[in-house]
Amino acid sequence: MNALLSVSDKTGLLELAKGLHACGVGLISTGGTAKLLAEHGLPVREIFDLTGFPEMLDGRVKTLHPKVHAGLLARRDLLEHTQTLQAHGIETIDILVVNLYPFEQTVAKPGCLLEEAIEQIDIGGPAMVRSAAKNWKDVAVLTDPEQYPSFLKEFQVAKEISKKTHFDLAVSAFNKISQYDGAISNYLSSFDENFHQVTFPQQFNRQFTKVQEMRYGENPHQQAAFYKDIDPQLGSLVCSEQLQGKELSFNNIADSDAAWECVKCFAEPACVIVKHANPCGVAISQSALGAYEKAFKTDPTSAFGGIIALNREVDAELAQALMKQFMEVLMAPHFTKQALEVLASKPNVRVLQMQLPDKSDILPLDQVGRNQFDYKRVGSGLLVQTSDHHVLTDKDLKIVTIKPPTNDQVKDLLFAWRVANYVKSNAIVFCKDGMTMGVGAGQMSRLDSARIASIKAKEAGLSLLGSVVASDAFFPFRDGLDVVVSAGATAVIHPGGSMRDQEVIDAANEHGIAMVFTGVRHFRH
């Protein structure tokens with residue numbers, strides 16, 4: 001039995017090679033891999049000894065040889081194949097260990113040149129992997145160092161590899177090749193006719209792996225599954241650990257993602273409560289408990305059965321407060337042992353421990369695990385856009401009214417603006433003292449969103465006097481502004497850019513309130 005080892009990533013290689021040698025497997029290798037094995041006293045034949053042909057063209061050609069591919073592709077159950085091998089003096093290769101040139105890591109480096117990327121396109125590796133994976137019944141193909149320990153353990157115990165393991169390894173190998181080829185396609189097709197790199201390639205390839213199948217989708221008559229990126233972003237929902245509770249449903253995941261993406265954009269202790277993909281309560285405070293209590297006050301009715309996300313540790317005191325309401329999912333970066341004991345009294349609550357990336361006082365949203373692209377599926381097509389990572393600071397605000405906002409109002413305006421980014425358009429968000437006071441979401445008319453937000457505040461028993469308002473897009477007429485001011489707002493933030501901006505500015509001056517323009521909008525459909 002022979003194993004051919006040819007890897008760029010040497011992680012775990014020596015342990016695997018030593019284990020295979022101890023089991024009587026002959027070792028064949030290439031270039032640097034062979035040198036490493038020999039330096040550690042392992043008996044290894046170089047690829048030249050197998051093929052009788054030297055490596056050439058700076059290593060571009062070394063395994064592209066009939067004695068390699070015939071050794072991989074020959075079916076052991078076909079007499080004609082075995083006779084052909086014997087006639088040409090070709091040995092079988094029963095185990096292939098290959099990982100590919102680091103193309104993806106190379107192109108991810110800032111300033112990577114096309115010439116550098118081209119040299120990292122592996123040819124022989126993928127060819128061998130495909131040959132071995134095609135002949136999966138007879139050849140075991142390992143393409144990831146993480147596969148080595150379990151493979152070696154099975155081989156050492158059983159002295160053979162099961163049919164299921166053979167097949168699983170082959171599937172993983174073809175998936176790896178698909179991912180690799182997709183990355184090459186994305187990169188090369190992102191160059192225009194002048195060899196300038198553009199954001200969106202001519203062919204767009206993405207790979208996802210299945211996390212779980214679900215009982216149903218958005219509705220019980222729909223089937224569903226949850227997939228994750230091949231290389232998920234740190235701090236994303238797919239990197240969470242479920243500590244207790246029932247399996248997450250389709251809607252749980254969608255709502256939890258909305259809650260977590262919002263809460264992690266705050267540097268201060270924050271709480272976000274989401275219902276049907278919209279924040280119904282958001283607050284910041286000096287503590288996680290204070291943030292939760294403020295967020296819950298915004299809309300206790302909608303918070304029932306909601307998703308709760310916090311960006312600070314949950315301790316026993318906070319857990320006790322949380323247990324007073326019905327919630328579907330609770331998310332936080334850490335839970336104390338005592339908090340988990342409290343939460344265990346409601347075993348159906350899904351508790352997710354999240355990864356929280358480092359952040360500064362003003363969080364650079366494009367550096368904290370945000371997706372590079374957002375997707376929206378349409379009939380026989382896909383809309384792709386860069387994610388909405390825009391960060392607004394007080395220096396970006398354009399004061400357009402006679403009356404400027406106070407320092408405290410600026411803080412609340414920026415808070416309200418962040419929240420509005422996560423509310424479905426048309427979005428109107430009342431805030432005061434780092435707390436949402438009323439949220440109007442997803443209405444066909446911005447005027448209706450304004451009315452709903454003020455009604456929500458009234459129903460929650462909250463006074464909007466002295467509050468600020470964020471609108472995700474400009475006020476097209478003064479009527480929406482009149483509604484929020486009559487409800488008690490004293491400062492407003494919105495993008496500006498309407499043909500009737502002056503009409504709205506005049507209305508703000510007439511009411512004696514402060515208004516600032518951002519120059520950007522946050523539509524969320």
- Message: When you check residue 284 against the structure, is it out of contact with any Ser or Thr (no Cβ under 9 Å at 6 or more places or on another chain) and not acidic (Asp, Glu), yes or no?
- Response: yes
- Those residues that are surrounded by fewer than 22 Cβ atoms within 10 Å (Cβ to Cβ) and in a loop (DSSP other than H, G, I, E, B), I need them from region 489-521; list them, please. 495, 496, 497, 498, 499, 500, 512, 519, 520, 521
- Note on the structure: Exactly one of 44, 7 is aliphatic (A, V, I, L, M), within 23 Å of residue 145 (Cα to Cα) and more than 41 Å from the chain's Cα centre (by Cα), and that one is 44
- Task: Among residues belonging to region 442-459 that are basic (Lys, Arg) and more than 21 Å from residue 392 (Cβ to Cβ), point out the one that is surrounded by the most Cβ atoms within 10 Å (Cβ to Cβ).
- Result: 456
- What tally of residues in region 86-112 results from selecting those that are closer than 19 Å to residue 2 by Cβ and either of a type in the set (Ser, Thr, Tyr) or not assigned by TED's automatic domain parsing to the domain that holds residue 8 (or both)? 1
- Query: For region 251-265, does any single residue satisfy the condition of being surrounded by 22 or more Cβ atoms within 10 Å (Cβ to Cβ) and of a type in the set (Val, Ile, Thr)?
  - Reply: yes
- Message: Could you tell me how many of the residues in region 139-165 are touching a residue at least 24 places away in the same chain (Cβ under 8 Å), part of a loop (DSSP other than H, G, I, E, B) and touching a helix residue (DSSP H, G or I) at 6+ places or on another chain (Cβ under 8 Å)?
- Response: 3
- Please indicate, with yes or no, whether at least one residue in region 315-332 is assigned to a loop (DSSP other than H, G, I, E, B), surrounded by 15 or more Cβ atoms within 10 Å (Cβ to Cβ), within 28 Å of the chain's Cα centre (by Cα) and charged (D, E, K, R). yes
- Restricting region 86-124 to residues that are assigned to a helix (DSSP H, G or I) and touching a Ser or Thr at 6+ places or on another chain (Cβ under 7 Å), which is surrounded by the fewest Cβ atoms within 10 Å (Cβ to Cβ)? 116
- Restricted to region 460-488 and to residues being out of contact with any strand residue (DSSP E or B) (no Cβ under 6 Å at 6 or more places or on another chain) and aliphatic (A, V, I, L, M), the residue surrounded by the most Cβ atoms within 10 Å (Cβ to Cβ) is 481
- Message: So residue 253 passes all but one of these: (1) free of Cβ contacts under 8 Å to residues at least 40 places away in the same chain; (2) over 21 Å from residue 342 (Cα atoms); (3) not in a helix (DSSP H, G or I). Which condition number does it fail?
- Response: (3)
- Query: Identify, please: which residue in region 149-163 is of a type in the set (D, E, K, R) and surrounded by fewer than 11 Cβ atoms within 10 Å (Cβ to Cβ) and is, among those, modelled with the highest pLDDT?
  - Reply: 163
- Residue among 224, 267 that is in contact with an Asp or Glu (Cβ under 7 Å, 6 or more places away or on another chain), more than 30 Å from residue 117 (Cβ to Cβ) and touching a residue at least 12 places away in the same chain (Cβ under 8 Å): 267
- Message: Return the residues of region 125-137 that are part of a loop (DSSP other than H, G, I, E, B) and of a type in the set (D, E, K, R); say none if nothing qualifies.
- Response: 137
- Query: Can you pull out the residues in region 422-455 that are in contact with a Lys or Arg (Cβ under 9 Å, 6 or more places away or on another chain), farther than 18 Å from residue 504 by Cβ and of a type in the set (Val, Ile, Thr)?
  - Reply: 423, 436, 439
- Task: Those residues that are charged (D, E, K, R) and over 15 Å from residue 94 (Cα atoms), I need them from region 155-190; list them, please.
- Result: 164, 168, 176, 181
- In the set 33, 11, 63, the lone residue that is in a loop (DSSP other than H, G, I, E, B) and crowded, with 20+ Cβ neighbours inside 10 Å is 63
- Restricting attention to region 66-82, report how many residues are without any contact (Cβ under 8 Å) to a residue 12 or more places away in the chain and part of a helix (DSSP H, G or I). 4
- The correct count of residues that are farther than 30 Å from residue 223 by Cβ and surrounded by 15 or more Cβ atoms within 10 Å (Cβ to Cβ) in region 192-211 is 1
- Note on the structure: The condition of being touching a strand residue (DSSP E or B) at 6+ places or on another chain (Cβ under 6 Å) and either in the same structural domain as residue 266 (by TED's automatic domain parsing) or closer than 30 Å to residue 337 by Cα (or both) holds, among 233, 212, 197, only for 212
- Taking region 287-314 and keeping residues among the acidic types (Asp, Glu) and either closer than 23 Å to residue 429 by Cβ or assigned to a helix (DSSP H, G or I) (or both) leaves 293, 299
- Item | Selection within region 356-406 - among the basic types (Lys, Arg) and either at pLDDT below 90 or surrounded by fewer than 15 Cβ atoms within 10 Å (Cβ to Cβ) (or both) | 359, 370, 376, 377, 395, 398
- All-but-one check, residue 449 against (1) within 25 Å of residue 390 (Cβ to Cβ); (2) in a loop (DSSP other than H, G, I, E, B); (3) touching a Gly at 6+ places or on another chain (Cβ under 7 Å), failing number (2)
- Task: Check every one of the strands (runs of 3 or more DSSP E) wholly within region 182-249 and list those with 2 or more residues that are within 19 Å of residue 377 (Cβ to Cβ) and out of contact with any helix residue (DSSP H, G or I) (no Cβ under 6 Å at 6 or more places or on another chain).
- Result: 208-213, 225-229
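The values are calculated or read from the model by the stated rules, or taken from the named source; none is laboratory data. Given the structure is predicted, the values throughout are model-derived calculations rather than measurements. FYI the Cβ positions are ideal-geometry reconstructions off the backbone, even for glycines, and counts take in every protein chain you see.
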